[in-house]
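Let me begin by handing over the structure; questions about it come next.
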Amino acid sequence: MCKAWRSTLALFAALLGAGGALAAAGALATAPVRVAGDAVLTGFDGVVEAVRQTVVAAQVPGAVTSLEVKVGDTVKAGQVLARIDARSAGYAASASDAQVRSAQAMLDMANKDYQRQKQLFDKQYISQAALERAESQYKATQAQAAAQLAQASAARTQTGLHVVRAPYAGVVSEVPVALGDMAMPGRALLTLYQPGALRVSAAVPQTALAAVVKGARVEFPALPEAQRWLQADPVQVLPTIDAATHTQTVRITLPAAIAGVAPGMFARVWLPTAKPDAGARLFVPASAVVRRAEMNTLYVVDAKGVPMLRLVRLGRAQGDQVEVLSGVSAGEQVALDPQAAARQP
C-alpha cells in the first residue's frame, strides 16, 4: 500500500476514534462475508392494492344534489354517500300509489258485486253463467290491482336508488364528481376500499420466477426505517402470463395491522432467486459499512478478535445486504457496529 493511502486510512481511523491497529477489549458482534451462492435478493417494483375495492356508480340518471363524504373519510356500511335529484321519480311513485288506490277501490266493488251474485245464485234468481261472469270479473280486477301494486313497488325502489349508500365499511379514496354533475347509469360517483385488506402486486419476469425460493421481503421506501421492511411469505404467483412483457403477477398479502400503507403506494418486492452463475459475489450487512466522503470501509475482525479498518469497493445494495467488489475475502468476519469497533482502545 502506498504512503498516501496509509496516511489516508490512518486519518480516517483517527476520525472514528481508532488509532491504527485496534486491540480488542470486548466481544464485538460480527457477521461473515457471505458468498452469493444459492439465493440472491432481486428487487421488483410493485404497488399496494386493496383486496376489496369498489367503484360505486349511479344506477339512475339525474343531477348530483348532495355529496355527503370527501376523499379520506371513513364510512360505515349503509351510510349515505351521495344523493341524486329524485323529483321525477317521486312524482312517478306518487302516480303509481294513486293507481294502486284506484285499483283497490275497483277490486272492492268487484268483490261486493261477486258476493251479491253468489247470494242471488243461491236463491236461484240468476243462472250459472251469470255467476261465472261475475267471478271472472272479480278475478280480473284482482289481477289488475296486484299489477298496480307491483308497479308501485318498482317505482318506490327506483326512488330509493337516488340515495347512494356505502356497500360496506371502508375508506373513500376517490370522488370524481361534484355537485351539479349529471349522473348517468354506470357513471362512477366515488371509489371505496376496505383498509384492513391490502396486498402488494408486482410484475416479475418468468425467468426470475422459475427459480424463486423462500425468504421474500417487501420494502416500503416511503416509510421510516423501523417500518420499511416486511417478511413476505407466502408469495402468490398468478397463473396468467402477459404475452407482451412475458411477466407474471406476484401478490403478497399484507397484515391487517400494518400502518402508513395505502392503495397506490410504491413498494419493492425482494425475491430470493437462485443464480448458479453468481460466481464469487460477496455480500456484507449494510450496517457494517462506514461511509466517509468518497471512501467506503469495513472493520474486519481477525482470529484474535482485533478489528482492523480496511478500505473496500462496494457494488449494488440488495435489501439489507450490500455487495463488496474488492477489499475482503469470503468467510472473513466484519464488525456489525463500526462505532463500537472504533472505540476499542
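Report the one residue of L254, V60, A183 whose Cα lies farthest in the direction of the positive end of the charge dipole of the chain (charges on C-beta: Lys and Arg +1, Asp and Glu -1; origin at the Cα centre).
Farthest towards the positive pole: L254.
Per residue of the chain, what 222 nm ellipticity follows from adding -39500 (n - 2.57) for every DSSP H run with n ≥ 4, rounded to the nearest 500?
Working: 6 runs with 95 residues, N = 345.
For the chain, the value works out to -9000 deg cm²/dmol.
If I compute semi-axes √(5λ) of the Cα gyration tensor in Å from the structure I just sent, which labelled value in (1) 81, 22, 16; (2) 39, 27, 25; (3) 33, 23, 18 lines up?
(1)
Same structure, new question: Compute the distribution of all C-alpha to C-alpha distances in the range 63-194, in bins of 10 Å from 0, and list the percent of pairs in each, rounded to whole numbers.
12, 25, 19, 15, 12, 10, 6, 1
Using a Förster distance of 51 angstrom, determine the FRET efficiency expected from the C-beta separation of A256 and K304, and round it to 0.05. Provide the component values of the computation, followed by the final result.
Values: r = 50 Å, r/R0 = 0.98.
Efficiency at R0 = 51 Å is approximately 0.55.
Report the extension gain between A129 and R187 in nm, rounded to one decimal, defined as 0.36 nm multiplied by the number of residues separating them, less their alpha carbon distance. The partial results should precede the final answer.
Values: separation 58, 0.36 × 58 = 20.88 nm, distance 5.80 nm.
Going from the current span to full extension adds 15.1 nm.
So, one more: Report the FRET efficiency, 1/(1 + (r/R0)^6), for K112 and V163, where r is their Cβ-Cβ distance and R0 is 51 Å, rounded to 0.05.
Working: r = 41 Å, r/R0 = 0.80.
So, using R0 = 51 Å, E works out to roughly 0.80.
Another question, then. Taking 0.36 nm per intervening residue step and subtracting the Cα-Cα distance, what contour gain separates H246 from D122 on full extension?
Working: separation 124, 0.36 × 124 = 44.64 nm, distance 8.64 nm.
Separation in residues times 0.36 nm, less the Cα-Cα distance, equals 36.0 nm.
In debye, nearest 20: dipole of the chain around its Cα centre with unit charges on the Cβ of K, R (+) and D, E (-)? Display every interim value, and only then the final one.
On the way: 33 positive and 25 negative charges, 60 e Å.
Computed about the Cα centre, the dipole is about 280 debye.
Residues of the range 85-113 with amide nitrogen under 18 Å from the 7 Å Cα-to-Cβ point of L179?
Once the point is set 7 Å along Cα→Cβ of L179, 85-87 turn out to lie under 18 Å by backbone N, inside the range 85-113.
Here's another thing I want to ask about it. Just going by the charge dipole of the chain, with Lys and Arg at +1 and Asp and Glu at -1 on Cβ, which of Y125, S287, P307 is farthest out on the positive end?
Farthest along the dipole direction, towards plus: P307.
May I ask you to order 242-251, 302-311, 124-133, 84-93 by the average number of other C-beta atoms within 10 Å around their residues, highest value first? The partial results should precede the final answer.
Numbers: 242-251: 13.6, 302-311: 15.1, 124-133: 11.6, 84-93: 17.2.
Order by mean packing, descending: 84-93, 302-311, 242-251, 124-133.
For the range 123-201, what is the largest minus smallest coordinate of the Cα atoms on each principal axis, given in angstrom and ordered from greatest to least?
Per principal axis, max minus min of the Cα coordinates gives 83, 32, 19 Å.
Any read-out appearing in this document is the output of simple, stated calculations on the displayed coordinates, not a laboratory observation. In this text the structure is predicted, and so the values were computed from the model without any measurement. Note that we place each Cβ from the backbone using ideal geometry, even for glycine, and neighbour counts take in every protein chain shown.
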